[in-house]
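Colleague: Here it is: the structure, laid out below.
A short reminder: the numbers here are calculations on the coordinates, not readings from a lab. Worth saying up front: this structure is predicted, and the values here are computed from it rather than measured. Positions of Cβ are generated from backbone atoms using ideal geometry, with glycine treated the same way; all protein chains shown enter the neighbour counts.
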6 protein chains.
Amino acid sequence: MRPSRRQTDQMRDVTIERGVSLKAEGSALISFGATKVLVTASVETSVPGWLRGKGQGWVTAEYGMLPRATGSRNRREATAGKQSGRTQEIQRLIGRSLRAIVDLKALGEAQITLDCDVLEADGGTRTASITGAYVALADAVKWMEARQLTKGPVLRDSVAAVSCGIYRGTPVLDLDYLEDVEAHTDANFVMTGLGKFVEIQGTAEQAPFSRDELDALMGLAEKGIGELSAMQEAALAK
Amino acid sequence: MRPSRRQTDQMRDVTIERGVSLKAEGSALISFGATKVLVTASVETSVPGWLRGKGQGWVTAEYGMLPRATGSRNRREATAGKQSGRTQEIQRLIGRSLRAIVDLKALGEAQITLDCDVLEADGGTRTASITGAYVALADAVKWMEARQLTKGPVLRDSVAAVSCGIYRGTPVLDLDYLEDVEAHTDANFVMTGLGKFVEIQGTAEQAPFSRDELDALMGLAEKGIGELSAMQEAALAK
Amino acid sequence: MRPSRRQTDQMRDVTIERGVSLKAEGSALISFGATKVLVTASVETSVPGWLRGKGQGWVTAEYGMLPRATGSRNRREATAGKQSGRTQEIQRLIGRSLRAIVDLKALGEAQITLDCDVLEADGGTRTASITGAYVALADAVKWMEARQLTKGPVLRDSVAAVSCGIYRGTPVLDLDYLEDVEAHTDANFVMTGLGKFVEIQGTAEQAPFSRDELDALMGLAEKGIGELSAMQEAALAK
Amino acid sequence: MRPSRRQTDQMRDVTIERGVSLKAEGSALISFGATKVLVTASVETSVPGWLRGKGQGWVTAEYGMLPRATGSRNRREATAGKQSGRTQEIQRLIGRSLRAIVDLKALGEAQITLDCDVLEADGGTRTASITGAYVALADAVKWMEARQLTKGPVLRDSVAAVSCGIYRGTPVLDLDYLEDVEAHTDANFVMTGLGKFVEIQGTAEQAPFSRDELDALMGLAEKGIGELSAMQEAALAK
Amino acid sequence: MRPSRRQTDQMRDVTIERGVSLKAEGSALISFGATKVLVTASVETSVPGWLRGKGQGWVTAEYGMLPRATGSRNRREATAGKQSGRTQEIQRLIGRSLRAIVDLKALGEAQITLDCDVLEADGGTRTASITGAYVALADAVKWMEARQLTKGPVLRDSVAAVSCGIYRGTPVLDLDYLEDVEAHTDANFVMTGLGKFVEIQGTAEQAPFSRDELDALMGLAEKGIGELSAMQEAALAK
Amino acid sequence: MRPSRRQTDQMRDVTIERGVSLKAEGSALISFGATKVLVTASVETSVPGWLRGKGQGWVTAEYGMLPRATGSRNRREATAGKQSGRTQEIQRLIGRSLRAIVDLKALGEAQITLDCDVLEADGGTRTASITGAYVALADAVKWMEARQLTKGPVLRDSVAAVSCGIYRGTPVLDLDYLEDVEAHTDANFVMTGLGKFVEIQGTAEQAPFSRDELDALMGLAEKGIGELSAMQEAALAK
């Protein structure tokens, strides 16, 4: 039995609130159970130096966690003077995931930065970040379209993410913190609304896993991401 | 007339929500109009090296701002690799302000860290931080008292803060962003519930100010802080 | 047809030379075609602070690339003042991959650091690093066993890695630089000698991929890693 | 009685020596008792990027302290790799104080940097820095005027600073180190030669202070700054 | 007797292998006994900002050491976040030594960077670096000449380096690690093929040395550098 | 003819003032012509970690330059966030030079730090620093002896330094800034009062130099250092 008494293929309660930032061109407050991430999308009408003059835009992401989002206080990265390897790995993953469904040429010479700041952390902060970032991005794209700043349809698909793992021998969907700590295998899946893969990261925390186990996790992920995609669509339809 | 149509001695709407963090020993979400700050208080049962063995505790603060709390995106300090001079100045001010009403010996060998993270910025982020931090601190002290971790009454008074300034020639209370940009003189006042001063920082942004002008600002501050102290008390009484 | 005229399921020429460092407790010079990585394993009889007194050891990795390992010179990370996000991501991957086949309790309170320094880069530096690091690690473990510094069998299995990708629509094994730049999907597989998965990282560089495509890449990886495991065994048998 | 046997409203001996630097466009060596600060003013005919093309200049300050200016050696900030929060706070204060009496448009597109380096520290280093910096600035402005580099009168007034505090219950003028350590309240005042306020920073070190106490400190400051302004004028008349 | 049983005026075995890097415009793998340094020369058709438009080029060097080039593992400088003082001192020396024999005007507006990475360290890494860097540089210059990128003869002479020291009271040539640790005086000599001095750095490690001792070391250096120059010439003639 | 009209073997005017710091255990203000360096010696009764428990002390140095010691303002190293390679090279040289005449065992477990801060720079700052540092060190040692903190005679000799160079074809003593910029060869000599060498650093700035030229520079250095040693002795005798 899972600590949260969920079924093995049951997501936590997910909520997505749009337009929570007064200033940003797009924003979303997303929660996966007790995990809560505030995402803002900022549009800038310039691109990084290495892209200038190439007639295309860029989408990038930054990730942060408030010091007391966790059970004991973590040192603030601004005080430490650098972002940890974990932070950089996560923000690179978020950026890649969103770029996979964006037509960068249609963006024109503009950059959208997704800031994902974790207010509360209970496992799955990177998957909640990606799922919420898609919603904030979609709103920022609408904002640009309303001002005729784009050069065609920017979004080719939607994108969402979920983690699965093998907890006490059983494959389960959407690990929370208690499960994550104990899971032998942990895998993050990023998929599009049309059901294709954008990113798979499977890691054996203690014991290597078999191809059958991976297949089981993939099946759970397909189910979970199907549900998340529907929730994104519903949120954006409001 | 003020941009917000407020009276010269009128505060913005202030709300204080307690217990907003699932993990922290104390927390508050405070808003001064459109300015919104999330404060958490974290209790650690150890003290900085230079205090060890002296039989007293410590209260400190850190301040941060989400990149898109402002009209245009600011660079994340963790990416820049250091906290700005402004950030350090503000967090030193918050820490000093709280220590002024704390009996550090009564705390025992414990440290309370107040993290003030600005979710939305519309002027007055440091004064909202101090005012909210007192509420989070009070809850953290209650948490310690419930576990008999203190050695006597820790809080000697309450503390709150407000900014005043001379806007288009008139002294006004609680500057918002539009006023702050234009004000000739800007002063931050930190005062206790009993009406004494903890900190005064008055700055001539463009033209030096007279003692009469300072007196007028002080009068406004006393009114505003009286109201804030009452709101803190009400919030803590719930 | 691949730029190197290899078959779709053909690895580049792989060589593994042991004992190339005069000082290190274990070492290997590994080449995957024109990619060349020097790996040293350093044994230290102490562990990081957070592990002290827990009766177990640690295995960690660091990754570097000589400035002119690539076609145009890269800035030296020691000059830049920090390791890039890419470097940190790779060295975290190498460390995790090796720990998956190590019994940390059997190591006792010792740490083995694998330094993977890329002398020439032509694609697949992280997979060559992992494959070579296993050989250097195995020699370092033998060195410890000869001195009775271990508390039982340290290695539970062997580990190797290979990248696969979809190049011009066709799944191919062991991408070189020219293929890597152009591939739509790029996946790194880390597997044990017994054929279980330690890590899977699949990334859609431009277009999302289907489950069938992933299955094809996995099949190629199983073949390639089978060959690499045999070569590791042969090298260690000399 | 004060440790230095001064009257409560008595400044330490103050000396101001002009033209002490061979290279700088303006310079002053100022002492407040045993506190000794070397100030140089450097004129550059360019402005920071954010001011370019706006037809105005800039005045800024940097503050440093020699490692052995104090009773025990302090770590050199260049070795520590960053300026402390205290240093940044002080140099921001010095810069603001000078800009308050400068007509930046009359400066033209030029920048004057005031470097305040503390050779000996015995309390009041920031107030001595501001007071000396005005003299160095005035000489640098004369240097510019002699070369017709200005566009009108640059200095609108003079500026000086002093600290006051409540020492053993009594308000006193110009705290030295022994008094500063023990004072319950410490306030820095920056005022113009015409008697207006540029900056007030009052801090309760241990116990909050009343409005009456603040008024007493303000009275002392007005007296002290009157004396300092006269000394600045005398030094510049030589 | 020397630990290596060499005569007092006997160099270690020296080998120089050219063209070891697949990508660099020039390269050399040089060994002085067990010391082994990989040098690459990278040609860039731009110069540092401060040289732009002056019609001349630049030659610079960077130095690094693999973490396990030494008996116990050294911390990687990229992890430490900065190059040590020793590293900076060495790379400045290498750059100066090469510039002394280069006609920078004949180079045109191009920069050649010599990367000297120590694979194995057994004393004399800086002298081996300089000696090998000359060979890599010569090959890079040939590469430029073949493309008509130079404006005349670039190399005015050759350059090589060796260390000498007083070991157990006797002046000896080409110190290895065991001798270096114990030597009372350690001197590095950089000389041209024509026998002139480019750099002399003599250091009394424990006891000051006399002019006679310095003369003896200089005599040994002249012999050693004569041999090294001949080996460079032979290597370049192949 | 030299720009300063000095004879080729003539030092600039040298002055040494002792006891200029109120706080330091030893101090000296030394000038070589227009070059002016303030040196303080700080005694600490602890040693760096790597020396602890070895029954010996340590002598180290730090070097800094005020931003406007030079003709145009230099960036403050504390603002840049690190010490330049030049600064580190110089402070390592100063430390080594002093340790060469100190009996570290006689110091006991204490550390003396020499801070050399350049107030005005006109060439020869490192040689003035070493020469002044010896005087400050000698006073700090006397301070320790007066408190019976030493375990025997600490100073085995005195030490001083001077630079020589080939200016317009002629070897000259004690280069000032104008000469230094133009000199083809620049050499720094550190010698003891008894006439032995501690350090020689000769550098060909543009053209390699011959052994005869080096001999001529050495002769000048011996004369100059003889004079400096006499001045040190006289200063310490006062």
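Colleague: Net charge around C:SER229, counting only other residues with Cβ within less than 13 Å of its Cβ (Lys, Arg = +1; Asp, Glu = -1)?
Modeller: Summing Lys and Arg as +1 and Asp and Glu as -1 gives -2.
Colleague: May I ask you to list the lysines whose Cα is less than 19 Å away from that of E:LYS36, ignoring any residue fewer than eight positions away on the same chain?
Modeller: Within the straight-line cut-off, E:LYS36 pairs with C:LYS23, C:LYS36.
Colleague: Right, something else. On average, how many beta carbons from a partner chain sit within 10 Å of the beta carbon of a residue in B:74-80?
Modeller: Partner-chain Cβ atoms within 10 Å, mean over residues of B:74-80: 6.
Colleague: Sort shortest first the distances from D:ARG86 to its counterpart in every other copy, using label points 7 Å along the Cα-to-beta-carbon line, and give them in nm.
Modeller: 2.5, 3.0, 3.4, 3.4, 4.4
Colleague: Now for a different question. For the peptides A:121-127, D:81-87, what is the packing order when you average, over each peptide's residues, the other Cβ atoms within 10 Å and list the highest mean first? Mind dumping the intermediate values first?
Modeller: Values: A:121-127: 25.1, D:81-87: 17.4.
Output ranking for A:121-127, D:81-87: A:121-127, D:81-87.
Colleague: Hey, what do the phi angles of region E:16-30 turn into as Karplus ³J(HN,Hα) couplings, whole Hz, using 6.51/-1.76/1.60 and θ = phi - 60°, x for Gly and Pro?
Modeller: Coupling constants for region E:16-30: 10, 10, 8, x, 7, 9, 6, 9, 6, 6, x, 7, 8, 10, 10 Hz.
Colleague: Across peptide F:109-122, how many C-beta atoms of other chains are within 10 Å of each residue C-beta, on average?
Modeller: Taking all residues of F:109-122 together, the mean is 3.
Colleague: Please compute the average number of Cβ atoms from other chains found within 10 Å of each residue's Cβ in peptide B:205-214. Write out the running numbers ahead of the final one.
Modeller: Working: counts 3, 3, 5, 14, 6, 3, 7, 0, 2, 4.
For this peptide, the per-residue mean of nearby foreign Cβ atoms is 5.
Colleague: Residues with beta-carbon under 11 Å from that of E:THR170, excluding E:THR170: net charge, scoring Lys, Arg +1 and Asp, Glu -1?
Modeller: -1
Colleague: I'd like the distance between the alpha-carbon centres of region F:45-70 and region F:14-39, rounded to an integer number of Å.
Modeller: Measuring centre to centre over Cα atoms gives 18 Å.
Colleague: A follow-up question, please. So what is the relative contact order for chain D, in percent, with contacts set as C-alpha pairs under 8 Å and at least six apart?
Modeller: Reported relative contact order: 22 percent.
Colleague: What number, in percent, do you get for the relative contact order of region F:132-232 if the mean sequence gap of Cα pairs under 8 Å and at least 6 apart is divided by its residue count?
Modeller: Once divided by the residue count of region F:132-232, the mean separation gives 26 percent.
Colleague: Which cross-chain or sequence-distant (5 or more) residues have an amide H under 5 Å from the amide H of A:GLU120, H modelled 1.01 Å from N in plane?
Modeller: Placed amide hydrogens put A:LYS36 under 5 Å from A:GLU120.
Colleague: By per-residue mean of other Cβ atoms within 10 Å, what is the highest-first order of D:134-141, D:56-63, E:41-48, F:147-154?
Modeller: Listed from highest to lowest mean packing, they are D:134-141, D:56-63, E:41-48, F:147-154.
Colleague: Using 32 Å as the Cα-Cα cut-off, could you pick out the over-long pairs in B:LYS105/B:LYS238; B:LYS151/C:LYS105; E:LYS105/E:LYS196?
Modeller: B:LYS151/C:LYS105
Colleague: Return the sequence-ordered ³J(HN,Hα) values of region A:116-125 in whole Hz as given by the Karplus equation 6.51 cos²θ - 1.76 cosθ + 1.60 applied to θ = phi - 60°, using x for Gly and Pro.
Modeller: These are the phi-based 3J(HN,Hα) values: 10, 10, 7, 8, 9, 10, 9, x, x, 5 Hz.
Colleague: Same structure, new question: Using a Gaussian network model of chain F whose springs link C-alpha atoms within less than 10 Å, name the residue from F:VAL162, F:VAL20, F:VAL39 with the highest mean-square fluctuation.
Modeller: F:VAL20
Colleague: Another question, then. Counting Lys and Arg as +1 and Asp and Glu as -1, each charge on the Cβ, what is the dipole of region A:58-190 about the Cα centre in debye, to the nearest 20?
Modeller: The calculation lands at about 480 debye.
Colleague: Another question about this same structure. Which chain A residue sits with its beta carbon nearest the axis carrying A onto E, and how many Å away is it, rounded to a whole number?
Modeller: Closest Cβ to the A-to-E rotation axis, residue and whole-Å distance: A:GLY81, 5.
Colleague: Under the rule a/c < 1.5 gives rounded, and otherwise a/b versus b/c splits prolate from oblate, where does the protein assembly as shown land using the Cα gyration tensor? Provide the component values of the computation, followed by the final result.
Modeller: Values: a/c = 1.69, a/b = 1.00, b/c = 1.68.
Because a/c hits 1.5 or more and a/b fails to exceed b/c, the protein assembly as shown counts as oblate.
Colleague: To continue, here is another question. Considering only the label points, 7 Å along Cα→Cβ from Cα, what distances in nm to one decimal separate E:LYS223 from the same position in each other copy, shortest first?
Modeller: Ordered by increasing distance: 3.4, 6.3, 8.3, 8.3, 9.5 nm.
Colleague: Tell me, what HN-Hα J-couplings in whole Hz come from the Karplus equation 6.51 cos²θ - 1.76 cosθ + 1.60 at θ = phi - 60° for each residue of region F:221-234, using x for Gly and Pro?
Modeller: 4, 4, 5, x, 6, x, 5, 5, 4, 5, 5, 4, 4, 5
Colleague: Right, here's the next one. For region F:131-238, treating each Cα as an identical point scatterer without solvent, what Debye log10 I(q)/I(0) comes out at q = 0.12, 0.16, 0.24 1/Å?
Modeller: Scattering profile of region F:131-238, log10 relative to I(0): -0.48, -0.73, -1.23.
Colleague: Apply 1/(1 + (r/R0)^6) to the Cβ-Cβ distance of F:SER84 and E:TRP50, taking R0 = 22 Å, and write down the FRET efficiency to the nearest 0.05.
Modeller: 0.90
Colleague: A follow-up question, please. Running a GNM on chain E with Cα contacts under 10 Å, which residue among E:LEU178, E:LEU155, E:LEU38 ends up with the highest mean-square fluctuation?
Modeller: Comparing E:LEU178, E:LEU155, E:LEU38 in the GNM, the peak value goes to E:LEU178.
Colleague: Enumerate the lysines that B:LYS82 could reach by cross-link, defined here as Cα to Cα under 19 Å, with residues fewer than 8 away along the same chain left out.
Modeller: A:LYS82, C:LYS82, D:LYS82, E:LYS82, F:LYS82
Colleague: Further question on the same structure: Tally Lys and Arg at +1 and Asp and Glu at -1 over the other residues with C-beta under 10 Å from the C-beta of C:GLU89: what net charge comes out?
Modeller: Working: positive: A:ARG86, A:ARG92, C:ARG86, C:ARG92, C:ARG126; negative: A:GLU89.
Neighbourhood net charge equals +4.
Colleague: If you count the DSSP beta bridges with both ends in chain E, what percent of them are antiparallel, to the nearest 5?
Modeller: Expressed as a percentage, antiparallel bridges in chain E total about 85.
Colleague: Quick one: of the DSSP bridges fully inside region A:1-140, what percent are antiparallel, nearest 5? Intermediate results must be reported in sequence, preceding the final value.
Modeller: Details: 21 of 29 bridges.
Beta bridges within region A:1-140, antiparallel portion: roughly 70 percent.
Colleague: Copy-to-copy spacing for B:LYS238, label 7 Å out on the Cα-to-C-beta vector, in nm, shortest first?
Modeller: Sorted ascending, the copy-to-copy spacings read 2.2, 6.5, 7.3, 7.3, 8.1 nm.
Colleague: With r defined as the distance between the Cβ atoms of F:ARG5 and F:ASP212 and R0 fixed at 22 Å, what FRET efficiency is calculated, to the nearest 0.05?
Modeller: Given R0 = 22 Å and the Cβ-Cβ separation, E is 0.25.
Colleague: Nearest-5 percent of antiparallel DSSP beta bridges in the protein assembly as shown?
Modeller: Looking only at bridges with both residues in the protein assembly as shown, the antiparallel portion is about 85 percent.
Colleague: Can you compute the helix-only [θ] at 222 nm over chain E? Use -39500 (n - 2.57) per DSSP H run of at least 4 residues, normalise by all residues, nearest 500 deg cm²/dmol.
Modeller: -10500 deg cm²/dmol
Colleague: Rounded to two decimals, what is the ratio between the C-alpha radius of gyration of chain E and 2.2 N^0.38 Å? It would help to have the intermediate numbers written out before the result.
Modeller: Numbers: Rg = 17.7 Å, N = 238, 2.2 N^0.38 = 17.6 Å.
Normalised by 2.2 N^0.38 Å, the Cα Rg of chain E equals 1.01.
Colleague: In addition: Roughly how big is the protein assembly as shown's charge dipole about its Cα centre, with Cβ charges of +1 (Lys, Arg) and -1 (Asp, Glu), in debye to the nearest 20?
Modeller: Dipole size: approximately 0 debye.
Colleague: Which aspartates and glutamates have a Cα less than 17 Å from the Cα of F:LYS142, not counting those fewer than 8 places away in the same chain?
Modeller: Result set, ordered by chain and number: F:GLU17, F:GLU25, F:GLU44, F:ASP103, F:GLU109, F:ASP157, F:GLU233.
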